[in-house]
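What follows is one structure encoded as structure tokens, with my remarks underneath.
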Amino acid sequence: MKKFRNIALGVVILVAVVVVGLCGMYKYMISPISKDKTVVELEIPAGSSRRAIAKILKEKGLIRDENFFLLYVKLFKISDMKAGYYDLSKNMSTEQLVEELRNGSKKNPNEIQITFQEGLNMREVAKVISSKTKNSYEAVLEKANDPTYLNKMIEKYWFLDQSILQEGIYYGLEGYLFPDTYSLTNQEVDIEYIFGKMLDGMAYALEPYKEEIVKSPYSVHQILSLASMVEKESATVADRSKVASVFYNRLKTNMSLGSDVTTRYANRVDDKKQRLTTAQYNFQSPYNTRLTNGTMNGKLPIGPICGVGKTSIEAAVRPAETNYLYFIANIQTLETFFFETSAAFEAKKVELQEVNQGF
């Protein structure tokens, strides 16, 4: 009897050892291969079987054994692993890997990002879009002036109105496309989708100021026109509210805004280093605030001249309270000087003549 008890005990111990061993083996097999957090990119093709998925994971060094992986997914009745592109890592357990594959991939390997810098005009925006997508430069500009499309956008966005369809406007959406970095599905993305993203960006940027703009004596179109001048004229972000105050003070006193950046835009001069001629300063355009015949006294340009960032919008909505009517910057140090009188301004202009080389 004692002999049978010893055999039974031995069997129990053996079974226990086997069970403990199997549990240990199971725990080891499902544990992460390593502590390496490096991202491993892989593709699970559409229609891949569980065996094919196991092979891909093994080849990428994410699992220890293909057969164990197949046993695992069979044991837990996992049959909904999805095709797609994944970013995984070797510090993920089998359970975590399977969970990722069941959730499906949100990664788009064809996704592109486009960055639009503040201060770009529509021609420059078109160049960026045409360089990053399959859309042509000409097609972008055409869409920006398509009256059918513009009317649809006017119905959709509170900040767009018939001002963008005025005769004399170069590009209807100039100044309304918010500069930022945008993620787009692929290079085949159409222009309306890109513009929609940028208009959504502008809606978000304007929302905090909506009530103030509605109550102001200026329309959204005029606010953005002024903001675009602030964007181009300010040497630093800190200067923007004071630059805006100069323009408002000039409007109140029926002075010409006298902004070179509007003259450049009117003449379609995108090269900042190109000096303007007398003929260009006198170019008859509702954009040109440097006209000497008085037709632009107390007037903003007919529309924005570039894309504007949040700080320029804020400066246009909430300008500094000053009596300044003039400003000039040292283009070497980017220091801007503000003045209440023409005499003080002209004196500083002479002082900076050599430094600014005529600009």
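Annotations for the structure displayed:
- In the context of the full set of protein chains, residues of the range 292-359 present 54 Å² of accessible surface per residue (probe radius 1.4 Å, heavy atoms only).
- The chain, accessible surface, carbon-and-sulfur percent (1.4 angstrom probe): 52
- Multiplying the residue separation of residue 91 and residue 190 by 0.36 nm and subtracting their alpha-carbon distance yields 31.7 nm.
- Between 279, 320, 329, the GNM of the chain built on Cα springs shorter than 10 angstrom shows 279 fluctuating the most.
- Flagged links, alpha-carbon separation over 28 Å, of 272/349; 197/273; 156/272: 197/273; 156/272
- Once C-alpha pairs closer than 8 Å and six or more residues apart are averaged by separation and normalised to the residue number of the range 263-339, the relative contact order reads 18 percent.
- P(r) of the range 210-324 over all Cα-Cα pairs, binned every 5 Å from zero, in whole percent: 2, 13, 22, 25, 20, 12, 4, 1, 0
- Separation of the range 175-208 from the range 210-255 is 23 Å, based on Cα centroids.
- Length-normalised contact order of the chain in % [C-alpha pairs under 8 Å, at least 6 apart]: 14
- The chain: translational diffusion in µm²/s, Stokes-Einstein, Kirkwood Rh over Cα pairs, 25 °C, 0.890 mPa s: 97
- Subtracting the Cα-Cα distance of residue 292 and residue 137 from 0.36 nm times their residue separation leaves 52.4 nm of extension gain.
- Estimated [θ] at 222 nm from DSSP helical runs (n ≥ 4, -39500 (n - 2.57)) normalised by residues in the chain, nearest 500: -14000 deg cm²/dmol
- Pairwise centroid distance, computed over Cα atoms, of the range 138-165 with the range 35-112, Å: 46
- For the chain, the Cβ-based charge dipole about the Cα centre amounts to some 2080 debye (Lys, Arg positive; Asp, Glu negative; other atoms uncharged).
- Each of residue 110 and residue 337 was given a label point 7 Å from its Cα along the Cα-to-Cβ line. The distance between the two points is 5.8 nm.
- The range 155-226: relative contact order as a whole-number percent, Cα under 8 Å and 6+ apart: 39
- Distance in nm between pseudo-label sites at residue 82 and residue 299 (7 Å out along the Cβ direction from Cα): 5.7
- Principal-axis analysis of the Cα atoms of the chain puts helix 220-233 at an angle of about 90° to the longest axis.
- Over the range 225-285, accessible surface divided per residue gives 45 Å², non-protein components excluded, 1.4 Å probe.
- Probe 1.4 Å, protein heavy atoms only - accessible area per residue of the range 44-170 in square angstrom: 56
- Between the helical axis of 50-59 and the longest alpha-carbon principal axis of the chain there is an angle of about 70 degrees.
- Angle between the chain longest axis and helix 122-132 axis [Cα atoms, degrees, rounded to 10]: 20
The values are calculated or read from the model by the stated rules, or taken from the named source; none is laboratory data. Keep in mind it's a predicted model, so treat the numbers as computed, not measured. All Cβ positions, glycine included, derive from the backbone under ideal geometry; neighbour counts span all protein chains shown. These accessible areas exclude ligands, DNA and RNA; they are computed on the full protein's heavy atoms, side chains included. Shrake-Rupley method; radii C 1.70, N 1.55, O 1.52, S 1.80 Å.
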